[in-house]
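Below: one structure, written as structure tokens.
The values are calculated or read from the model by the stated rules, or taken from the named source; none is laboratory data. Note that the coordinates shown come from a computational prediction; the quantities given were computed from them, not determined experimentally. Backbone-built Cβ (ideal geometry, glycine too); neighbour counts: all protein chains shown.
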Amino acid sequence: MTTPTWTLSGFGDEIDPDPAVQVAVLKALGANHIEVRSAWGVNVVDLDDEQLARLADILQQARMGVSAIASPIGKVDIALDPELEVVRLRRIIRVAQALGTDRIRIFSFFRAEGVGVDEIREPVIHALKLLAAEAASAGVVLLHENEKAIYGDTPERVLDLVTSVDSPALRLAWDSANFVQVGVAHPHDEGFAQLAPYIDYLQVKDALTATGEVVPAGQGDGQVADTIRALRDRGYTGFASLEPHLAAAHELGGFSGPTAFGEAGRALAKILDAEGIATR
């Protein structure tokens, strides 16, 4: 039997603002890919051309591939003009192309206080259709992350989004911890079967139901090992991207630091080893 092999990656800015440090830590954990959310404290959507060229050179010199661009697209109020997000996506697509990846992480919009989630369904789907059309024309794939407090934060609404937009340019990034933090008690049992056909990316973090605290994979209630096993059995050979959030979390991301990031990497390695999955 051939050993399944997944590609290890991680959110570099969870390690340090400096891309050189990010690369060094990821390399030490055995990763040859990085997920790019920010560099030198600047979000990917705001990197100027000089910074982008400098980042591309650092990654090229280190022979570091880019698994995805972790963009902030869709982390805005749905009441705003969706064309504004299309414009921002065009810039993100330029970043993705410069860094050699065709995957871009996105979200499905916040809503104002007092606005019911059902009220934003149609405008969210309309906005995602616009974004998916832009992505398709550029030959990139959008990965919807099930973030807290956006429309697509539960398995049912994530499924609604991906089937309603109905575009090969919109796939899913699975995040067990985020499901736990919105009250999905057993993410794998409650969501994996229906979402599995659309999952194209695994973001690795776990969380405790009682407090919402983010913990290393396998140490929380996110059923991370169950999902990894099920993905293996489905023949998944994609990315496993560490996003530990072990020191801090905020609206546009999180931070762990090198030591905690290493702890998260070792926790994931333990699960993968137990399931007979190799990494590259």
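At-a-glance table
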item	result
Residue under evaluation Ala112, criteria (1) more than 21 Å from Asn43 (Cα to Cα); (2) part of a helix (DSSP H, G or I); (3) in contact (Cβ under 8 Å) with a residue 24 or more places away in the chain; (4) not acidic (Asp, Glu), criterion not met	(2)
Residues of segment 87-102 satisfying the condition of being touching a residue at least 12 places away in the same chain (Cβ under 8 Å), surrounded by fewer than 19 Cβ atoms within 10 Å (Cβ to Cβ) and within 24 Å of Ala149 (Cβ to Cβ)	Arg88
Selected residue (criterion: nearest to Glu156 (Cα to Cα)) from residues of segment 195-234 that are polar (S, T, N, Q) and more than 19 Å from the chain's Cα centre (by Cα)	Thr209
Pair list, Cβ < 8 Å and 6+ apart or interchain, from segment 221-243 residues that are more than 16 Å from Asp189 (Cα to Cα) to residues that are of a type in the set (S, T, N, Q) and crowded, with 22+ Cβ neighbours inside 10 Å	Phe239/Ser9; Phe239/Ser67; Ala240/Ser9; Ser241/Ser9; Ser241/Ser67; Ser241/Gln203; Leu242/Ser9; Glu243/Gln203
Spans of helices (runs of 4 or more DSSP H) in segment 121-220 with at least 2 residues in contact with a Pro (Cβ under 9 Å, 6 or more places away or on another chain) and not β-branched (Val, Ile, Thr)	121-138, 176-181
So Arg157, is it among the charged types (D, E, K, R) and under 19 Å from Glu243 (Cβ atoms)	no
Tally, over segment 1-30, of residues that are surrounded by fewer than 17 Cβ atoms within 10 Å (Cβ to Cβ), assigned to a helix (DSSP H, G or I) and among the charged types (D, E, K, R)	1
Answer from Ala196, Ala269 - the residue that is surrounded by fewer than 23 Cβ atoms within 10 Å (Cβ to Cβ), closer than 19 Å to His33 by Cα and at pLDDT 95 or above	Ala269
Tabulated pairs, segment 173-184, first charged (D, E, K, R), second assigned to a loop (DSSP other than H, G, I, E, B) and surrounded by fewer than 24 Cβ atoms within 10 Å (Cβ to Cβ), C-beta under 8 angstrom, 6+ apart or interchain	Asp175/Glu147
Scope segment 31-62; condition more than 21 Å from His245 (Cβ to Cβ) and either touching a residue at least 24 places away in the same chain (Cβ under 8 Å) or not in a helix (DSSP H, G or I) (or both); matching residues	Asn32, Leu47, Asp48, Leu52, Ala53, Leu55, Ala56, Ile58, Leu59, Ala62
Subset of segment 203-212 [buried (at least 16 other Cβ atoms within 10 Å of the Cβ) and of a type outside the set (Lys, Arg)]	Gln203, Val204, Asp206, Ala207, Leu208
Any hit, segment 72-86, residues being assigned to a loop (DSSP other than H, G, I, E, B), surrounded by fewer than 21 Cβ atoms within 10 Å (Cβ to Cβ) and among the basic types (Lys, Arg)	yes
Top-ranked residue of segment 103-131 - restricted to ones that are small (Gly, Ala, Ser) and crowded, with 23+ Cβ neighbours inside 10 Å, ranked as farthest from Leu172 (Cα to Cα)	Ala127
Selection status of Pro244, at pLDDT below 95 and in contact with a Phe, Trp or Tyr (Cβ under 8 Å, 6 or more places away or on another chain)	yes
